[in-house]
1. Which numbered condition trips up Arg98, out of (1) of a type outside the set (Phe, Trp, Tyr); (2) touching a helix residue (DSSP H, G or I) at 6+ places or on another chain (Cβ under 8 Å); (3) touching a residue at least 40 places away in the same chain (Cβ under 8 Å)?
2. Check every one of the helices (runs of 4 or more DSSP H) wholly within the range 489-594 and list those with 2 or more residues that are farther than 28 Å from Arg331 by Cβ and at pLDDT 95 or above.
3. Taking the criterion of being touching a Phe, Trp or Tyr at 6+ places or on another chain (Cβ under 7 Å), farther than 22 Å from Tyr115 by Cα and surrounded by fewer than 21 Cβ atoms within 10 Å (Cβ to Cβ), would at least one residue in the range 198-208 satisfy it?
4. Could you please give the count of residues in the range 178-232 that are of a type outside the set (A, V, I, L, M, F, W, C) and assigned to a helix (DSSP H, G or I)?
5. Going residue by residue through the range 321-335, is there one that turns out to be surrounded by fewer than 18 Cβ atoms within 10 Å (Cβ to Cβ), under 22 Å from Tyr417 (Cβ atoms) and at pLDDT 95 or above?
6. Which residue, of Asp190, Asp149, is in contact with a Lys or Arg (Cβ under 7 Å, 6 or more places away or on another chain) and either at pLDDT 95 or above or buried (at least 20 other Cβ atoms within 10 Å of the Cβ) (or both)?
7. Counting only residues that are in contact (Cβ under 8 Å) with a residue 24 or more places away in the chain and either assigned to a helix (DSSP H, G or I) or not assigned by the TED database to the domain that holds Lys557 (or both), which one in the range 299-308 is surrounded by the fewest Cβ atoms within 10 Å (Cβ to Cβ)?
8. Run Glu289 past the list (1) touching a residue at least 24 places away in the same chain (Cβ under 8 Å); (2) open to solvent by 10 Å² or more (accessible area, probe 1.4 Å); (3) over 30 Å from Gly165 (Cα atoms) and report the number of the one that doesn't hold.
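The values are calculated or read from the model by the stated rules, or taken from the named source; none is laboratory data. All of these numbers come straight from a predicted model, not from anything done at the bench. When we count neighbours, we look across all protein chains shown, and the Cβ atoms used for this are built from the backbone with ideal geometry, even at glycine. The area values use the complete protein model at the heavy-atom level, side chains included, leaving out ligands, DNA and RNA. Shrake-Rupley method; radii C 1.70, N 1.55, O 1.52, S 1.80 Å.
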Amino acid sequence: MEAIGVFGSKLSVWPHTNLFPACKLYRFPVTSYPRKHVHFVPLKATANTMACEDEENNRNFRKLVPSKWDHQSLFANLDFSEMDALGREIEALKPQVRNMFMSSKDIKKKILFIYLLVTLGLAYHFEDEIVETLKDGFQKIEEIMSDEDDLYAVSIIFYVFRTYGHNISSDVFERFKGDSGEFKECLTRDAKGILSLYEAAHMGTTTDYILDEALTFTLSYLESLSCTCKPNMSRLIRNSLGLPQPKNMEILVTKEFIRFYGNEEDCNKMLLKFSKLNFKFLQLLYLQEFKILSKWYKEQDFESKLPPYYRDILVELNLATLAYMEPKHSRVRIFLTKFYTIQVILDDTCDRYASLREVEILADTIERWDLDDHAMDGLPDYLKSLVKFIFGTFQEFERELGSELGGLYSVKATIEYFKRYMRSNLQLAKWASADHLPSFEEYLDVAGLEIAVEFTLACILMLMENIRKEEAYEWLKSRDKLVRAMSTKARVPNDMFGYEDDMSRGYQTGSVNCYKKQYGVTEEEAFRKLGQLIAEGDKMMNGEILKPINVPRQVLKVVIDTLRALNVGYDKEDGFTRPDRHLKNHIMSIYVNL
């Protein structure tokens with residue numbers, strides 16, 4: 001049950017993966033999404049704390065290998081002064097690209113251009129212009145779509161409007177059905193159109209039944225199309241079959257799409273140049289941030305303060321923060337990586353190393369939030385080091401945010417979310433110690449908090465600039481259905497991917513076993529039903545994201561970006577427990593291959 005905050009999911013449940021075989025997505029009635037009040041046992045430290053020292057000296061644990069990445073090698077030979085020149089070139093090109101975008105009188109062409117800006121990682125430069133264009137365009141949507149019969153154009157227009165929160169009807173795809181009610185066979189000769197329809201289908205809600213049909217239809221042809229179309233399109237199809245654009249981190253989509261777009265006959269050379277310059281600037285910015293983080297991580301000296309039971313995955317954790325790709329989110333990326341470091345060490349402490357007695361004392365210490373050294377007298381040395389690290393990190397946040405409007409409020413609010421997260425860790429430790437299997441819904445109520453999606457979102461809101469913090473936190477509280485679904489999306493696949501490992505070490509308390517016990521089904525049936533739950537949750541979240549909001553769009557966007565980070569972290573496996581697999585390729589493409 002390896003849980004890592006924002007990534008706690010084994011995410012992205014695509015119907016064609018090995019874990020979740022192709023099937024029609026049915027409604028899944030097992031659990032309701034609104035979170036009920038979670039009851040936690042009152043926290044009391046065990047009196048005989050001296051026993052902790054004996055446990056620390058005598059326990060057995062699996063020593064984890066150090067990080068495969070030499071931090072210094074990632075940025076040692078880089079010239080960060082190059083960023084100034086890149087920045088000047090970007091600013092010089094920006095007005096020309098803006099003029100190219102705004103000068104067109106054809107709304108359809110402008111929307112297709114917006115798609116290029118989004119996919120090439122440039123949309124944030126023209127956010128105001130895009131929002132205004134789509135606001136005006138949505139009022140004319142019937143006129144825009146009335147005579148459009150190109151599958152690619154309709155799919156892209158649908159994709160763009162939904163990406164920016166406009167609930168365009170999925171009925172626009174009815175025109176591509178024949179008299180039989182099925183999608184027309186002639187569409188299968190259009191590889192670009194089929195791929196675009198496939199990606200649009202991943203933006204469906206629980207009532208977009210035609211998009212369920214579109215997903216089944218496109219999946220039945222894309223694999224064969226990837227073998228018969230041109231190599232450039234074939235590579236794009238295979239990337240999307242791995243992780244569709246709406247579910248993938250924008251920076252990773254951009255990396256691949258720049259390559260694709262540069263080989264297209266209709267490529268706009270100015271736009272391509274702009275995107276390459278921008279991507280190189282972002283890479284250098286991310287590496288500059290990682291240089292700061294590497295120094296910070298080394299200063300913590302975990303190697304001398306903690307037994308080697310925790311995962312040393314700073315690069316992988318930082319990769320997750322690149323979901324918030326814009327330069328203005330630099331502080332979010334840096335500090336969120338520090339939060340993730342706290343989460344992964346706490347997770348490994350409670351899940352793999354500490355005794356129940358120690359978890360109780362640790363939870364009690366965090367609940368009291370007493371920064372005085374004497375308050376830690378009952379802790380073994382390694383937990384004293386961990387608590388000092390946690391408190392010290394939050395004090396750093398307080399110093400950073402204290403002078404900002406709403407800064408101290410947001411720090412205090414985030415501390416309360418952190419306490420809830422720690423209480424859930426204790427509850428899971430108690431269940432695991434007793435081999436207790438609660439009801440499936442009760443398990444999700446607690447384990448959904450332990451996966452720390454809610455805490456992660458609170459952290460991001462705390463770190464964002466130029467937003468009204470109290471309003472943002474109130475919005476977060478009000479979106480319980482969305483947050484609950486995100487936590488389930490994180491928790492359940494996390495347990496499914498870690499099931500064999502958990503069982504091999506005698507860890508019983510997880511989604512699969514709780515479901516098997518409650519519903520009296522086989523392991524195979526539990527996996528199938530849980531896959532349906534996650535797929536249905538994806539559609540429900542798509543619907544929640546389209547609802548009107550009373551906060552800036554950038555607040556909702558970080559929720560979407562958090563989901564994308566989950567997808568990447570757990571694309572067919574737990575990338576944070578086995579970081580040498582698919583995450584290694586992403587790290588190479590962003591941090592190494594400049």
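1. That leaves (3) as the condition not met.
2. Details: elements: 499-504, 511-519, 523-545, 553-569, 582-587.
Because the criterion is at least 2 residues that are farther than 28 Å from Arg331 by Cβ and at pLDDT 95 or above, the helices (runs of 4 or more DSSP H) in the range 489-594 that meet it are 511-519, 523-545.
3. Going through the range 198-208, the residues touching a Phe, Trp or Tyr at 6+ places or on another chain (Cβ under 7 Å) turn out to be 199-200, 203.
With farther than 22 Å from Tyr115 by Cα added as a condition, the list becomes none.
Taking every residue of the range 198-208 in turn, none turns out to be touching a Phe, Trp or Tyr at 6+ places or on another chain (Cβ under 7 Å), farther than 22 Å from Tyr115 by Cα and surrounded by fewer than 21 Cβ atoms within 10 Å (Cβ to Cβ).
4. Just the residues of the range 178-232 that are of a type outside the set (A, V, I, L, M, F, W, C), to begin with: 178-182, 184-185, 188-190, 192-193, 196, 198-199, 202, 204-209, 212-213, 216, 218, 220-221, 223-224, 226, 228, 230-232.
Keeping just the survivors that are assigned to a helix (DSSP H, G or I) gives 185, 188-189, 192-193, 196, 198-199, 209, 212-213, 216, 218, 220-221, 223-224, 226, 228, 231-232.
So the count comes out to 21.
5. Among the residues of the range 321-335, at least one is surrounded by fewer than 18 Cβ atoms within 10 Å (Cβ to Cβ), under 22 Å from Tyr417 (Cβ atoms) and at pLDDT 95 or above, which makes the answer yes.
6. Asp149
7. Of the range 299-308, the ones in contact (Cβ under 8 Å) with a residue 24 or more places away in the chain are 300, 302, 305-308.
In the following step, the residues that additionally are either assigned to a helix (DSSP H, G or I) or not assigned by the TED database to the domain that holds Lys557 (or both) were identified as 300, 302, 305.
Numbers: Gln300: 18, Phe302: 17, Lys305: 14.
Among those residues, the one meeting the criterion is Lys305.
8. Glu289 satisfies every listed condition except (2).
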